[in-house]
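Asks: Just passing along the structure, written as structure tokens.
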Amino acid sequence: MALFLRRGARALPALSTRPAFRPAASLASPPGLSVKFAAPTTSWSTFPAGFHSSSGFQRTRAADRSAAATGDSASSLETQISVRNASKAHGKLDVLLPLPGVAGLTRLAIEDAGASVQDVLTAIQHADPSLKAVEIATPNGTKLARTVRVSELTSMPFCLRLNHVNILVENDAATMDDLRSREESVAFATVKAEIEKDPRLILPLNEFYRMCHNAGAEEVVATKWLRELQRRNLVVHFDRSKNPQLENAIILRPYSLESVLTLQNALDSELYNLKHDRKVKERQLEELGRALKKLQTIDNEVHLAARRMPNAQKWVALSGLTTFYGALMYCVWDVYSWDVMEPITYFIGFSAVLGNSFYYTITKKVRCDMLDMTFSEHNGINMWHKRYVARVEMVSKERKHDPAKIEELKARIADIENDIALLSQWEKTDLPSPALQ
């Protein structure tokens, strides 16, 4: 006797060494519920392990009576039930279950797609408190986690175990997808036939979407159909065109002579737009060039004025030092002797060194913050360069000149020059003739 388990649309026979057994009387099944009986085989290891309880191979009462009648203690009979999810909405569950402790069929309806397997098991145990073991597994016997959502559960067939009875629940998701795909194919064929029969050369885009809407397609599906029609060389649509007339129109029969002329006229208008954009960019480039030249002139004047002040200070300091040491030399050689002037020169020299050291130490941090430099950068420049940088900032503030604007204008000019080069390249590109193509 062979054992069958219904999986989808096919039955998988278990391996058996005995001829098939057919019951003497058939059991009537309620609508939507299919019951299959199978006789035992020589080896029970061929049956999937996921469809048996953990305590071993349980026998039904009918199997016990059959085993007692035949005297074969190794024989058993197990009921396998297959039901179908009657819910038409995706992610919902609506099945009729034969609960052991409830007479007849009990309807199990889960309307919340966010419910989990735990909610399904709780609802079944609430409907039949006499159940001792309730589990949900895949058809191959893998137990599902209790956190799995009903929306995921209804997208595949699954096995519901009630004590020792296994119920295979099949969903109509695949059937609904096939039906939806066939309906979409029929609607696309209808739209395609209407476009092929249309005698016009240009079809407005909104009219195409209205045609698809009448066929039952949404805007996303209509856009997909438009790409498919272009792939089949039935229409041409320039969805990225800057010309509003060309963007909102669909050219029918693009390889006909009339459509070729229409396309050439549209491309001429596109070329006009390219030339217009290039001329606008060139005018902007001229204005930015004049502004940059003016800023560079002011910047040169600022640096020249800042350079004059440190140079004058250099000459004043050099003249002062020369006069001071000349006076000391005069006092040593003509007025006083070296014995008198020696300690005076030592005190003057040491005082100058200490004063300069204190001045450098006190003003080092202040000057670094003012010039936006680190200590290492500050040590690499001399005092005249510090005065020059500070003078540049002071003169720039007096003349309200911002040196950062020069770099900003240079960057904008580089971008506009790049745009002009691209537009010029597009203008010089020879567009292929649709007739030759």
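Asks: Got a sec? Which of Val260, Val221 is β-branched (Val, Ile, Thr), out of contact with any Phe, Trp or Tyr (no Cβ under 6 Å at 6 or more places or on another chain), modelled with pLDDT of 90 or more and surrounded by 14 or more Cβ atoms within 10 Å (Cβ to Cβ)?
Replies: Val221 is the lone residue from the list that is β-branched (Val, Ile, Thr), out of contact with any Phe, Trp or Tyr (no Cβ under 6 Å at 6 or more places or on another chain), modelled with pLDDT of 90 or more and surrounded by 14 or more Cβ atoms within 10 Å (Cβ to Cβ).
Asks: Any chance region 189-200 includes a residue that's of a type in the set (S, T, N, Q) and in contact (Cβ under 8 Å) with a residue 12 or more places away in the chain?
Replies: So far as region 189-200 goes, yes, one or more of its residues are of a type in the set (S, T, N, Q) and in contact (Cβ under 8 Å) with a residue 12 or more places away in the chain.
Matching residues to (1) exposed (fewer than 10 other Cβ atoms within 10 Å of the Cβ); (2) without any contact (Cβ under 8 Å) to a residue 12 or more places away in the chain:
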position	(1), (2)
Ala305	no, no
Ser319	no, yes
Asp339	yes, yes
Glu342	no, yes
Leu354	no, yes
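Asks: Is it the case, given these coordinates, that Ser116 is crowded, with 16+ Cβ neighbours inside 10 Å, at pLDDT 85 or above and over 19 Å from Ile81 (Cα atoms)?
Replies: Yes: the conditions hold for Ser116.
Asks: Could I ask something else about it? Wholly within region 77-175, which strands (runs of 3 or more DSSP E) include no fewer than the required count, namely at least 3 residues that are in contact with a helix residue (DSSP H, G or I) (Cβ under 6 Å, 6 or more places away or on another chain)?
Replies: Qualifying strands (runs of 3 or more DSSP E): 134-137.
Condition check ((1) surrounded by 15 or more Cβ atoms within 10 Å (Cβ to Cβ); (2) in the same structural domain as Ile81 (by TED's automatic domain parsing)) across all residues:
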{"site": "Leu153", "(1), (2)": "yes, yes"}
{"site": "Arg161", "(1), (2)": "yes, yes"}
{"site": "Glu184", "(1), (2)": "yes, no"}
{"site": "Asn206", "(1), (2)": "no, no"}
{"site": "Ala217", "(1), (2)": "yes, no"}
{"site": "Leu226", "(1), (2)": "yes, no"}
{"site": "Arg231", "(1), (2)": "no, no"}
{"site": "Arg240", "(1), (2)": "no, no"}
{"site": "Glu247", "(1), (2)": "no, no"}
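Asks: Next question. All but one of (1) at pLDDT below 85; (2) more than 50 Å from the chain's Cα centre (by Cα) hold for Thr374, so report the exception by its number.
Replies: (2)
The values are calculated or read from the model by the stated rules, or taken from the named source; none is laboratory data. For clarity, every value in this text was computed on a predicted model and none was experimentally measured. Neighbour counts are summed over all protein chains in view; Cβ atoms, including those assigned to glycine, are modelled from backbone coordinates with ideal geometry.
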